[in-house]
Amino acid sequence: MAKVFIVAEHRQGAIRDATYELVTLARELESKFALEPAAVVIGHGVRPFAEVLSRHVNETIMVENEALADFRYETYAAVLRDIIMKETPLVVLCPQSAFGMELFPRLSAETGRPCATDCVQVEMDGPSLVVVRSIYNGKINSRLAFASSGGYLITVRAGSYAPAAEADKAGTIRDYPCPAFGEPFKTEFLGYREAAAGTVDISQAPFLLSIGRGIKDTENIPKAEELAAKLGAVLSCSRPVVDKKWLGKERQVGTSGRTVKPKLYLAMGISGAFQHLAGIKGSGTFIAVNRDPKAPIFRAADYGVVEDMFKIMDALKEQIGT
Amino acid sequence: MEILVCVKKVPDTADAEVILRPDGKGIKEDDLAFGINEWDNYAVEEAIRIKEAHGGRVTVVTIGVSDSEDVLRRCLAMGADDAIMIDGGPFAGSDPYGIARGLRGIAAARAYDLVLAGAQAGDDGFGMVGPVLAGYLGWSHATLVTSVSVEDGKVAVTRELEGGLEERLRLALPAVLTVQTGINEPRYVSIMGIRKVRSKEIPVLDLAKVGLAAGSVGENANVLRRIALSVPPAGKEAEMIKGTPAEIARKILDIVRERGGVG
Ligand SMILES: Cc1cc2nc3c(=O)[nH]c(=O)nc-3n(C[C@H](O)[C@H](O)[C@H](O)COP(=O)(O)OP(=O)(O)OC[C@H]3O[C@@H](n4cnc5c(N)ncnc54)[C@H](O)[C@@H]3O)c2cc1C
């Protein structure tokens, strides 16, 4: 039976949530297309992770070695190369994250196995693997097939599949020998660096007014600050606003910023990229203002307004004033 | 430091209507505004800053047709020393592997210490060209780079992880780095600046010059094959609030009050 492998992502002593979304996908490939799921756990001190995954899939391949304590593409790709050549899985899944983006394209170049990144859907069409990717700022879906290969590498966008609930399978854990590395290494892991804590904590705010690239200019930031104050909201933003240094990093909502769960999220001039939306998953009511009726944010919001955000900002200020 | 920066011209689709071509294999490009890929702009700026601090040369390269020339000139105006165009004709429809193969010819033939590229592009968003190129070359790489500091024969970088966390790595040179947005503040390019580099010669290299055989890149050589493009199916859509701005504002405030906001 053809196999589908899940590469578990973990960092600083915890399995990352995206791994459980891959479990759901692998299970779906099992029930619909008879692929056999297995998990791959690579690292140092990772037996507890392997145990967790063995409750989800029949087999968990564990590669345990001191040299794997910190993730580097160099060592992890060497391990996966070995596993792929010996175990010949048809599909290997990994989250589209800083981990997957660093590892899978490189692994593809080294193994010659085709890789498709950032997929939102994975399925079989007869004997062939087919994926769907969301491109052009989420406005277009692209269906891709592959040149025939012994196996395929796929990274999956967070949120494309629901995370698997706790399971109680009695899967086996297989100790897989760590291959020898071609030292000297070209990469060296030096450590982690936590973002400096800012002056506000947007993750605790019950009401966020969030602005995106639509704010257009640093000169318009005070207008947004003024409105937020009038509304009794805390001001947050999408990434481009932080990249341009118009607001501090502590106000950024999204995968590389903060995860927030306000009772009310009022987004203006934000298109709705998945990295942004992933940061507001647990929010209450979500209102989006965007002048583009096709903006993907309207697929996530509860209420939508197609209008120039500056007009709405002015009107809000007036209404509150009276 | 000899630095090569890979750049690409892409359409702005965040703030524009995107219409499928009738054949379903692409989008209509006529009405879209094109410019340098956002991530690449940061990569060019970073390369120039490294050069300013450590000396050397910055070369920008694109695989494109003649209408990509303005993007290269813009990079020259920012401070790149040289620009190279790889004739994009044979690369039409290429997947990231084809593009990486084209760039490998340049990177391998000249003694670059660093290749910089954007972490991804705003159109296809594969984020693959950089790390695949590094794999082909056997060089070290880091993706999603948020800072670079050059050391003796090595480079120390930070990579962006999730939730505001970063990791610090040291890489042996030569290396390929893909740059994340926000790494720096790209300098402003004036019309005057572009005028100054107007007559700078930009060599155009054909397939043979980058060491590739005819037919080895382009849509027919793709590993990733586009079956069709489509508009995403309507999922749960937002309830639209309509009216004049004043009416809309009132309704928004009603919701705010309902949710316990000050309003
Ligand atoms: C690894 C990685 C991590 C990332 N992490 C994050 C993250 O944590 N958070 C995050 O936000 N992004 C993140 N991003 C970036 C993300 O992919 C998008 O690029 C970003 O979210 C876009 O921000 P935006 O919606 O403000 O801008 P755009 O996508 O440019 O959208 C601007 C929107 O404003 C609208 N608009 C413009 N003018 C007006 C007006 N006058 N009135 C009304 N509407 C207007 C436009 O129609 C458009 O929809 C990440 C990307 C990568 C690769």
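The values are calculated or read from the model by the stated rules, or taken from the named source; none is laboratory data. Quantities reported herein were computed from a predicted structural model and do not represent experimental measurements. We place every Cβ from the backbone using ideal geometry, glycine too, and count neighbours over all the protein chains shown. Side chains are part of the model used for accessible areas, which takes the heavy atoms of the whole protein and leaves out ligands, DNA and RNA. Shrake-Rupley method; radii C 1.70, N 1.55, O 1.52, S 1.80 Å.
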Does any residue in the stretch B:238-250 that is facing chain A (nearest Cβ under 7 Å) and open to solvent by 20 Å² or more (accessible area, probe 1.4 Å) come within less than 6 Å, Cβ to Cβ, of a residue that is outside any helix (DSSP H, G or I) and not aromatic (Phe, Trp, Tyr) six or more places away or on a different chain, and which pairs are these? B:240/A:304
Residues in the stretch B:95-110: is at least one more than 16 Å from the ligand (Cβ to nearest atom), touching a His at 6+ places or on another chain (Cβ under 7 Å) and closer than 24 Å to residue A:117 by Cα? no
Could you tell me which numbered condition residue A:224 fails, if it satisfies all but one of (1) more than 23 Å from the chain's Cα centre (by Cα); (2) closer than 16 Å to residue B:253 by Cβ? (2)
Quick one: which residue in B:121, B:100, B:109, B:92 is open to solvent by less than 10 Å² (accessible area, probe 1.4 Å) and in contact (Cβ under 8 Å) with a residue 24 or more places away in the chain? B:100
Within the stretch B:126-141, track down each residue that is of a type in the set (Gly, Ala, Ser) and more than 7 Å from chain A (Cβ to nearest Cβ). B:130, B:138
Going through the stretch A:105-141 in order, the residues found to be open to solvent by less than 10 Å² (accessible area, probe 1.4 Å), over 19 Å from the mean Cα position of the chain (by Cα) and of a type in the set (Ser, Thr, Tyr) are A:108
Among the helices (runs of 4 or more DSSP H) confined wholly to the stretch A:233-322, which include 3 or more residues that are more than 7 Å from chain B (Cβ to nearest Cβ) and within 20 Å of residue A:160 (Cα to Cα)? A:274-277
When you look at residue A:32, is it of a type outside the set (S, T, N, Q), more than 19 Å from the chain's Cα centre (by Cα) and closer than 19 Å to residue A:179 by Cβ, yes or no? no
Any residue at all in the stretch A:41-53 that's facing chain B (nearest Cβ under 9 Å), crowded, with 24+ Cβ neighbours inside 10 Å and either more than 16 Å from the ligand (Cβ to nearest atom) or in contact (Cβ under 8 Å) with a residue 60 or more places away in the chain (or both)? no
Taking the stretch B:7-31 as the search range and keeping residues that are within 14 Å of chain A (Cβ to nearest Cβ) and open to solvent by less than 20 Å² (accessible area, probe 1.4 Å), which one is nearest to the ligand (Cβ to nearest atom)? B:13
Just give me the residues in the stretch A:74-94 being farther than 17 Å from residue A:6 by Cβ and open to solvent by less than 10 Å² (accessible area, probe 1.4 Å), in sequence order. A:75
Looking at the stretch A:206-227, which of its residues are within 11 Å of chain B (Cβ to nearest Cβ) and either free of Cβ contacts under 8 Å to residues at least 24 places away in the same chain or within 16 Å of the ligand (Cβ to nearest atom) (or both)? A:208, A:209, A:212, A:213, A:214, A:216, A:227
Are any residues in the stretch A:180-232 under 16 Å from residue A:266 (Cα atoms) and part of a loop (DSSP other than H, G, I, E, B), and if so, which ones? A:205, A:206, A:212, A:232
